[in-house]
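Visitor: Just passing along the structure, written as structure tokens.
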Amino acid sequence: MGRLDGKVAIVSGAARGMGEVEARLFAEEGASVVLGDVLDDRGAEVAAGIGAAARFVHLDVREPDQWAAAVATAEEAFGPVTVLVNNAGILRFSPLLETPPEQFREVFEINQLGTLLGMQAVVPSMTRAGGGSIVNISSTNGLAGYPATISYTATKRAVRGMTRTAAMELGPIGIRVTADHHGG
């Protein structure tokens, strides 16, 4: 038996990097996993490599309807969602005075708005499941800040705050919300 037997997870940004590793580990531990990403070919390849316990969906985390489709896919294939890993994120390097508004908006929409929309999308499914766990991927940037990462640092700091608020609101209904502050 794996530590995650019977769990149904959605991992955003799962076509490569940390998200791919997370999705593979979840499946190895017994979870069924829906991998979401905008990299369709790579995401489908990863899901196929995982096998019957995985499905891939196109997921632009900025789009509420795509989150709804990811949840629907999970429920149809495996049952109610019990785990969400809000992993999708981007980093754009530029000093404060050289950061164009368009870049800041793009980073905000993917890193921060995407995290909000993911949490909103899974709560009804987790409620039907009797509870669940949401893991929001933040960064040590959100704790300290680093030069030339103004957009990224701002969004990761916001994810930290959103996580605390969501934990207070969702904890009483059986949904644990945590943040992982990885080094980068």
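The values are calculated or read from the model by the stated rules, or taken from the named source; none is laboratory data. All of these numbers come straight from a predicted model, not from anything done at the bench. Here the Cβ positions follow ideal geometry from the backbone for every residue, glycine too, while neighbour counts run over all protein chains shown. Quick note on the areas: whole protein, heavy atoms, side chains included, nothing else; ligands and nucleic acids left out. Shrake-Rupley method; radii C 1.70, N 1.55, O 1.52, S 1.80 Å.
Visitor: Taking the condition within 18 Å of ALA31 (Cβ to Cβ) and in contact (Cβ under 8 Å) with a residue 60 or more places away in the chain, does ALA70 pass? Working first, answer last.
Guide: Values: within 18 Å of ALA31 (Cβ to Cβ): yes; in contact (Cβ under 8 Å) with a residue 60 or more places away in the chain: yes.
In short, yes.
Visitor: Turning to a different aspect of this structure: Which residue, of ALA77, ALA15, is among the small types (Gly, Ala, Ser), in contact with a strand residue (DSSP E or B) (Cβ under 6 Å, 6 or more places away or on another chain) and open to solvent by less than 30 Å² (accessible area, probe 1.4 Å)?
Guide: None of the other options fit; the residue is ALA15.
Visitor: Considering each of GLY131, GLY145 in turn, give the residue that is at positive phi, modelled with pLDDT of 95 or more and touching a helix residue (DSSP H, G or I) at 6+ places or on another chain (Cβ under 8 Å).
Guide: Being at positive phi, modelled with pLDDT of 95 or more and touching a helix residue (DSSP H, G or I) at 6+ places or on another chain (Cβ under 8 Å) holds for just one of GLY131, GLY145, which is GLY131.
Visitor: What single numbered condition from (1) over 17 Å from the mean Cα position of the chain (by Cα); (2) under 12 Å from LEU84 (Cβ atoms); (3) among the small types (Gly, Ala, Ser) fails to hold for SER151?
Guide: (2)
Visitor: Within the range 27-47, does at least one residue satisfy the condition of being open to solvent by 30 Å² or more (accessible area, probe 1.4 Å), in a helix (DSSP H, G or I) and within 14 Å of LYS7 (Cα to Cα)?
Guide: So far as the range 27-47 goes, yes, one or more of its residues are open to solvent by 30 Å² or more (accessible area, probe 1.4 Å), in a helix (DSSP H, G or I) and within 14 Å of LYS7 (Cα to Cα).
Visitor: Right, next: Taking the options PHE56, PHE93, name whichever one is on the phi < 0 side of the Ramachandran plot, at pLDDT 95 or above and surrounded by 15 or more Cβ atoms within 10 Å (Cβ to Cβ).
Guide: Going through PHE56, PHE93 in turn, the sole match is PHE56.
Visitor: Turning to a different aspect of this structure: Of the numbered conditions (1) more than 30 Å from PHE78 (Cα to Cα); (2) surrounded by fewer than 21 Cβ atoms within 10 Å (Cβ to Cβ); (3) in contact with a Pro (Cβ under 8 Å, 6 or more places away or on another chain), ARG157 fails exactly one; give the number of that condition.
Guide: It fails just one condition, (3).
Visitor: Check whether at least one residue in the range 97-109 is under 15 Å from ALA158 (Cβ atoms), part of a strand (DSSP E or B), open to solvent by less than 20 Å² (accessible area, probe 1.4 Å) and not hydroxyl-bearing (Ser, Thr, Tyr), and report yes or no.
Guide: no
Visitor: Okay, moving on. Which pairs turn up if I take residues in the range 133-153 that are free of Cβ contacts under 8 Å to residues at least 24 places away in the same chain and surrounded by 21 or more Cβ atoms within 10 Å (Cβ to Cβ) and look for partners that are in a loop (DSSP other than H, G, I, E, B) and not charged (D, E, K, R) with beta carbon separation below 6 Å, at least 6 apart in sequence or on another chain?
Guide: Within 6 Å, the pairs are THR153/GLY145.
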